[in-house]
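Right, one structure below, let's go through it.
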Amino acid sequence: MTALRTGAATDVGRVRTNNEDQMLVGDTLFAVADGMGGHAAGEVASQAAVDVVEAAFNEDPTPEGLIAATQRANREIFDQAGADNALRGMGTTLTAAALVATEGDDGTAERLVVVNVGDSRAYLMRNGELSRVTDDHSVSEELVRSGQLTEAQAAVDNRRHVLTRVLGMDTDVTVDRFDLDPFRGDRLLLATDGLCNEVSDAEIASVLRRIEDPGEAARELVRLAKAGGGSDNITVVIVDVLDDDGRVEEATEALAREPARPQRLPTAAQRDARLRDLDAETRPASTIGNPEFVEAPRRRRLVRFSLFGLAVVLLLALGAGVVLFAQRNSYYVGERAGTVALYQGRPGGLLGFEPKVVRATDIELADLDGVARDRVKSGVTFSSRSQAEDYIERLPTTTTTSTTAPPPAPTSTPP
Ligand code: MG
């Protein structure tokens, strides 16, 4: 049996007020999820992701089962978001790893299978070398992969926060899968972008090399992310391979069998060359090539920080515009003192913008049939006033006999 030891830490960070990250640390299944969406929707999405993946994987603890579990979580979040206005648009990343038995040429072997959707990452520390296992599904990282941006440009590109894949956005999702042979001494790290945006790969590697206890290492990584700004929630799960069934003794042979992946597992020389390219402009010459140098250069930090500030201002302005637009362009039919009323805005308001009554009616809620009454109580939203007016005209009541069918659920959604 492969023996594992784990450690984990999560923190709200220094800017956010709630932690929308989730983590899962089981015996053979591990995950981090970074939720997004208004109000508490991000927390709902990330929680649903780890819950559904855990339950579905337990039913089918295979590599295919882990992929299916991730797709199932995607569907659940998508359906939940579609059924509840307050959760509309929610989504989450998911990076999960599971120890599973797989059938190979030489019988059954245990492998670590990693699956990924979004920009939370898995890293592997092997023989003191850190490599990224997963690819980020963000606009800037896709541009790096297609050769249109360098990694240095991507690190400060605003589009690194724009995700191209996330759980809950569509009925189906493509899930990346990576298989690893676990060797004694391997250290797998799962982390949300709250770590990777604040702490460089070199700093992460230094911590993983220096601190043996996985719990302590996880807490140190979180501490560094907060010291670096802590602008987002931070979640770290570390899985150490303590025993590998003697597999390390066959390491040379096993490594030879592993498919070559030069982009994901750079050699030490490639990695050092890349670090030199990255830092030639900003790092003092005397430190170039010194592997112990882990402090991020100050100037690069300042540039990153001011670009980050600019991005925040632009995003806030954009956000305010979106909220105003959404507020102006949504209507809902809801309750007002026991009667049916037409409101402009969103049920419950949107970021402090309260909905306002644009038409009161004398239709008593008590006169509506049960289904319509429940729907009006929770607010039925429309993207135009005429659709909402139409809905009110056709509301089925219990006191009048009507041959018209109850109004259908709105098919169009507000922007
Ligand atoms: Mg995040």
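Applied to region 138-143, the Karplus parametrisation 6.51 cos²θ - 1.76 cosθ + 1.60 on θ = phi - 60° returns per-residue 3J(HN,Hα) values of 10, 4, 5, 5, 5, 5 Hz, with x for Gly and Pro.
Where the centroid of each part is defined by its Cα atoms, how far is region 102-119 from region 165-185 in Å? About 11 Å separates the Cα centre of region 102-119 from the one of region 165-185. Solvent-accessible area per residue in region 3-246 equals 39 Å², computed with a 1.4 angstrom probe and all protein chains kept.
Mean sequence separation of contacting Cα pairs (under 8 Å, at least six apart), scaled by the length of region 328-393, corresponds to a relative contact order of 39 percent. Placing one equal scatterer on every Cα of region 102-204 and applying the Debye formula, the log10 ratio I(q)/I(0) at q = 0.15, 0.24 Å⁻¹ is -0.72, -1.35. Counting charges near Arg385 (Lys, Arg +1; Asp, Glu -1) among other residues having Cβ under 14 Å from its Cβ returns a value of 0. Rounded to the nearest 20 debye, the dipole magnitude of region 41-179 is 500 debye, with +1 charges on Lys and Arg beta carbons, -1 on Asp and Glu beta carbons, and the Cα centre as origin. Computed with a 1.4 Å probe over protein heavy atoms only, the accessible area of Leu324 comes to about 90 Å². Computed over protein heavy atoms with a 1.4 Å probe, the carbon and sulfur contribution to the accessible area of region 328-393 reaches 45%.
Over region 310-380, the Kirkwood radius and the radius of gyration, each from Cα atoms, give a ratio Rg/Rh of 1.15. Centre-to-centre separation between the Cα atoms of region 200-242 and those of region 317-381: 46 Å.
Would you work out what percent of the accessible area of region 3-114, with all protein chains in place, is carbon or sulfur (probe 1.4 Å)? Display every interim value, and only then the final one.
Numbers: 2260 of 4820 Å².
C and S atoms contribute 47 percent here.
Largest first, what is the accessible-area ranking of Asp244, Asp390 with a 1.4 Å probe?
Largest to smallest exposure gives the sequence Asp390, Asp244.
Take region 328-393 with all the other protein chains still there, run a 1.4 Å probe, and you get 51 Å² of accessible area per residue.
The values are calculated or read from the model by the stated rules, or taken from the named source; none is laboratory data. Not measured: the values here are computed from a predicted model. All Cβ positions, glycine included, derive from the backbone under ideal geometry; neighbour counts span all protein chains shown. For accessibility, only protein heavy atoms count, side chains too; no ligands or nucleic acids. Shrake-Rupley method; radii C 1.70, N 1.55, O 1.52, S 1.80 Å.
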